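Undergrad: Just dropping this structure here.
Each value in this text was obtained by applying a stated rule to the coordinates, not by laboratory testing. Keep in mind that this is a model prediction, so the values were computed, not measured. Cβ placement follows ideal geometry from the backbone for every residue including glycine, while neighbour counts extend to all protein chains displayed.
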Number of protein chains: 2
Amino acid sequence: MNKLFGLLLAIGFVFVYSPAMARRVKGTTPKQDGFRMPGEFEKQEKVWMVWPERSDTYRNGAKPVQETFVNVARAISEFEPVTMLVSNAQYTNARARLPENIRVVEMSNNDSWARDTGPTFVINDKGEIRGCDWTFNAWGGLVDGLYFPWDDDDKIAQKICELEGIDSYRTEGFVLEGGAIHTDGEGTLITTEMCLLSKGRNPEMSKEQIEDKLKEYLNLEKVIWIKDGIDPDETNGHVDMVACFVRPGEVACIWTDDPNHPYYKECQAAYKTLSEATDAKGRKLKVWKLTMSKEPVYLKDAGSVDYAENAVPRKNGALCDASYMNFLIVNGGVIAPQYGDEYDALALKQLQEMFPDRKVVGVNTLELIYGGGNIHCITQHQPAVTR
Amino acid sequence: MNKLFGLLLAIGFVFVYSPAMARRVKGTTPKQDGFRMPGEFEKQEKVWMVWPERSDTYRNGAKPVQETFVNVARAISEFEPVTMLVSNAQYTNARARLPENIRVVEMSNNDSWARDTGPTFVINDKGEIRGCDWTFNAWGGLVDGLYFPWDDDDKIAQKICELEGIDSYRTEGFVLEGGAIHTDGEGTLITTEMCLLSKGRNPEMSKEQIEDKLKEYLNLEKVIWIKDGIDPDETNGHVDMVACFVRPGEVACIWTDDPNHPYYKECQAAYKTLSEATDAKGRKLKVWKLTMSKEPVYLKDAGSVDYAENAVPRKNGALCDASYMNFLIVNGGVIAPQYGDEYDALALKQLQEMFPDRKVVGVNTLELIYGGGNIHCITQHQPAVTR
């Protein structure tokens, strides 16, 4: 009887106790394992952000942009949970400045771009989630990267997965950032040649090899290539400044009718490419126009940005990427940039037409574009698992 | 109709979406809020540890003791989940050395004593848990603390609570460590005067005031005071080297029959105090004897410990605390120190008699006692919530 009891105890033990464990998946790809990258418009679990502090990226010791991050995090947290990752040095400050319902977790970092340093999550139809942990090299490594070193940033994806007990793929040295890709969740991806074929990422790979890699890791059938993005010198033209999926079969694209606008050519070209494209299901895409700011935005007070040996210096009058495209879709909402520009309201109106079932919320992100990014760049959404 | 739909959506939203939020509880105490510190023998959720790396605490660059931590973590993980907190500098090393089922999370720290830097958890009967975030000052602050600074260690309790969405009490500057207290979960606490009345902790408070503070934060009716611990110079005599609760009404106490053993007097005195004590329920305690090592252990190879300006230097021949008492109770198990001493097996046998329903597992922790602690010191258990 005692032996039987012990056996039953042991069996019960095995079934009752199974700790969350984050494995490194080896030898297979998400496609082989039945995982896909969902569209951003699909249901989400939470949003990850990284607290900004680089005084050689942001103006005035990053204090103004910290206020912007607080506002963005607060806006998102009205719709779903937010975790803010923060260096040990800034932990107390971030905790004190952020509302109590934002979770604050220590994590070393080189800068604040969670979209590019966080994992790209993939899900399957069994209610499981995994992470793609791309190699991160600060948008171009030693060729044209924006800072050195970037080792802490490159560890963020792994650390997030480990923190949450999520298995992850370390993608064999393939360099990619989350801002360079948008999917429809049904086999189609949009990206830019300017970025993915740049010399600082995967120069040894052909366009076809890069496409194959994306197809394997994100479970795709088709990649739609836009030629150029709008920031050749920073992210080498991330697609998340240019276009995104609104829902399967529909994309939003940056737009201006003004031939004197500095991004006129890029807008026209991207719109043309997307209007002529078909997706993985053979659908012709519906393309929504999203205005650029009426007035181009140029960097001011660049003198308050620190000098740094290995960071690209910022100069007064540098053109900033005042695209409204870098918004974030959340559960029931859209968090969109505002600049104090005449077209701010138009952009919100256009977004509300694209997303009639979501509440569109604007946040002033002028300070953020001075630093080279926007709302989508500083957030990484974690999709909800579904069955 | 549209308005009604909006209202229903809004109501649904409020009920569906409630993020885990970690508040700082202000103006009340756990006792007032109906929370109590459970006994270590009650059901647990997980165990927290902090990866060792101080080369001025541990021998040979802390490499041998890292192996010990791996062994302790692995032993615990056979019974319940373990999270290992680790500095950014050691993250990759710790992740590679630890089994995959141990969760590794970055957290800055000054040293590796999770029992003393982690939160003391309290639970209520509604299935809720909160943390007590005592002030930590490295066992004596500027009076007789063991290192400086200790600011990262003092933040660990808050960070753990924040990480897990657990509300916490910052205990108004009251200095305490988890190793200084053991409870029966039914209103009784054991501690030592040597530690709690030390000059480096709360010298402005009387014994009665300290007792009141403990009663408020841990929900107690009675504090049993043992006079001395066995390590006056390090933790100022933490009780977890001397005695602990086996279950309500029963305690274990260090013991030696050998009048020449260096801890003979302390063993006799603690045993006498506990044998004469009654608990909060008026029960006379049953006291289990747990042997000390037969041979006292003295520090060897102290020359491999780094010199440091603000750390107490280690010397060859220093007496180490080879008490078997510093074990950890886990779900279905007991993880106990072993030293390669003649009484190793006796200690395991005595523990198995005390805990007939648990599997007693020994781990060699000689390297750990050279650093001044043991299994209980390097672990903080998180109790399971119960209804």
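Undergrad: Loop-only check: which trypsin sites (Lys or Arg not before Pro) in the stretch A:33-81 are DSSP coil with at most 16 other Cβ within 10 angstrom? Provide the component values of the computation, followed by the final result.
TA: On the way: sites: A:Arg36, A:Lys43, A:Lys46, A:Arg54, A:Arg59, A:Arg74; in loops: A:Lys43, A:Arg54, A:Arg59.
Here the trypsin sites (Lys or Arg not before Pro) that fit, given the DSSP loop and packing criteria, are A:Lys43.
Undergrad: Another question, if that's okay. First select every other residue whose beta carbon is under 12 angstrom from the beta carbon of B:Asn316; then total the charges, Lys and Arg +1, Asp and Glu -1.
TA: Numbers: positive: B:Arg59, B:Lys300, B:Arg314, B:Lys315; negative: B:Asp301.
Neighbour charge sum, excluding B:Asn316 itself: +3.
Undergrad: Nearest beta-carbon of B to the rotation axis carrying it onto A: which residue, how many whole Å?
TA: Nearest Cβ to the rotation axis, residue and whole-Å distance: B:Glu106, 3.
Undergrad: Give me the distance in nm between label points sitting 7 Å out from Cα along the Cα-to-Cβ direction at B:Asp357 and B:Leu142, one decimal.
TA: According to this spin-label approximation, the distance is 5.0 nm.
Undergrad: Taking the Cα centre of each part, how many Å lie between the stretch A:162-216 and the stretch B:175-201?
TA: Measuring centre to centre over Cα atoms gives 55 Å.
Undergrad: To continue, here is another question. Under a plain spin-label model, where a point goes 7 Å from the Cα along Cα-to-Cβ, how far apart in nm are A:Ala318 and A:Arg24?
TA: 3.5
Undergrad: Here's a follow-up. How long are the semi-axes of the equivalent ellipsoid of the stretch B:33-383, defined as square roots of 5 times the Cα gyration tensor eigenvalues? Whole Å, largest first. Don't skip to the end; give the middle numbers.
TA: Values: eigenvalues 135, 117, 89 Å².
Result for the stretch B:33-383: semi-axes of 26, 24, 21 Å.
Undergrad: Let me ask something additional. Specify whether the C-alpha gyration tensor of the stretch B:179-261 places it in the rounded, prolate or oblate class, a ≥ b ≥ c being the square roots of the eigenvalues: rounded for a/c under 1.5, otherwise prolate if a/b is larger than b/c and oblate if not. Could the numbers behind the result be given before it?
TA: Working: a/c = 2.60, a/b = 1.18, b/c = 2.20.
Cα axes put the stretch B:179-261 in the oblate bin.
Undergrad: Follow-up. Return the tail of the calculated pair distribution for the protein assembly as shown, meaning the percent of Cα-Cα pairs more than 53 Å apart.
TA: Values: 61502 of 299151 pairs.
So the portion of pairs separated by more than 53 Å is 21 percent.
Undergrad: Then there is this: Would any residue of the stretch A:263-293 have its amide N under 19 Å from a label point 7 Å out along Cα→Cβ of A:Arg247? List them or say none.
TA: From the stretch A:263-293, the list is A:279-290.
Undergrad: What is the sum of charges around B:Gly340, taking Lys and Arg as +1, Asp and Glu as -1, for the other residues whose C-beta is under 13 Å from the C-beta of B:Gly340?
TA: Working: positive: B:Lys294, B:Lys300; negative: B:Glu295, B:Asp341, B:Glu342, B:Asp344, B:Glu367.
Result for the neighbourhood of B:Gly340: -3.
Undergrad: Spelling out what I want: for every residue of the stretch A:285-295, take phi, set θ = phi - 60°, compute 6.51 cos²θ - 1.76 cosθ + 1.60 (Karplus), and round to whole Hz; glycine and proline get x.
TA: After applying 6.51 cos²θ - 1.76 cosθ + 1.60, I find 6, 7, 10, 8, 8, 10, 4, 7, 4, 5, 9 Hz.
Undergrad: Quick one: label points 7 angstrom along Cα→Cβ at B:Ser275, distances to the other copies in nm, smallest first?
TA: 9.6
Undergrad: Expressed in nm to one decimal, what extension gain is obtained for the pair B:Lys63 and B:Lys349 from 0.36 nm per residue of sequence separation less their Cα-Cα distance? All intermediate terms of the calculation are to be shown ahead of the outcome.
TA: Working: separation 286, 0.36 × 286 = 102.96 nm, distance 3.07 nm.
Extending this stretch completely gives an extra 99.9 nm.
Undergrad: Let me ask something else about it. Which links in A:Lys215/A:Lys300; B:Lys227/B:Lys284; B:Lys286/B:Lys315 stretch past 30 Å when you go from one Cα to the other? Please list the in-between numbers first.
TA: On the way: A:Lys215/A:Lys300 42 Å; B:Lys227/B:Lys284 19 Å; B:Lys286/B:Lys315 39 Å.
From the list (A:Lys215/A:Lys300; B:Lys227/B:Lys284; B:Lys286/B:Lys315), the Cα-Cα distance tops 30 Å for A:Lys215/A:Lys300; B:Lys286/B:Lys315.
Undergrad: While we're looking at this one, here's another question. Under the convention of a label 7 Å out along Cα→Cβ, give the distances in nm from B:Arg74 to the same position in every other copy, shortest first.
TA: 5.0
Undergrad: Still on this structure, please answer the following. Using the Karplus curve 6.51 cos²θ - 1.76 cosθ + 1.60 with θ = phi - 60°, work out ³J(HN,Hα) for each residue of the stretch A:65-70 in order, rounded to whole Hz, and write x for Gly and Pro.
TA: 6, 4, 5, 4, 4, 4
Undergrad: Report ³J(HN,Hα) in whole Hz for each residue of the stretch A:192-198, in order, from the Karplus equation J = 6.51 cos²θ - 1.76 cosθ + 1.60 where θ = phi - 60°; Gly and Pro get x.
TA: 10, 5, 3, 7, 5, 9, 5
Undergrad: Taking only the Cα atoms of the stretch A:291-364, how large is their convex hull per residue, in Å³?
TA: Expressed per residue, the convex hull around the Cα atoms of the stretch A:291-364 is 104 Å³.
Undergrad: Also, quick follow-up: Taking A:Lys63 in one copy and the same position in all the others, each labelled 7 Å out along Cα→Cβ, what are the pairwise distances from the first, in nm, shortest first?
TA: 4.7
Undergrad: I've got another one for you. Give, as a single signed number, the net charge of other residues whose beta carbon lies under 13 Å from the beta carbon of A:Ile375, with Lys and Arg counted +1 and Asp and Glu -1. Each step should come with its number before you reach the end.
TA: Details: positive: A:Arg74, A:Arg115; negative: A:Glu40, A:Asp240, A:Asp321, A:Glu367.
Net charge around A:Ile375: -2.
Undergrad: Would you mind pulling out the separation of the Cα centroids of the stretch A:324-376 and the stretch B:99-117, in Å?
TA: If we compute the Cα centre of each part, the gap is 40 Å.
Undergrad: A further question on this structure: Whose amide H sits under 5 Å from the amide H of B:Ala322, counting only residues 5 or more places off or on another chain, with H placed in the peptide plane?
TA: Placed amide hydrogens put B:Val297 under 5 Å from B:Ala322.
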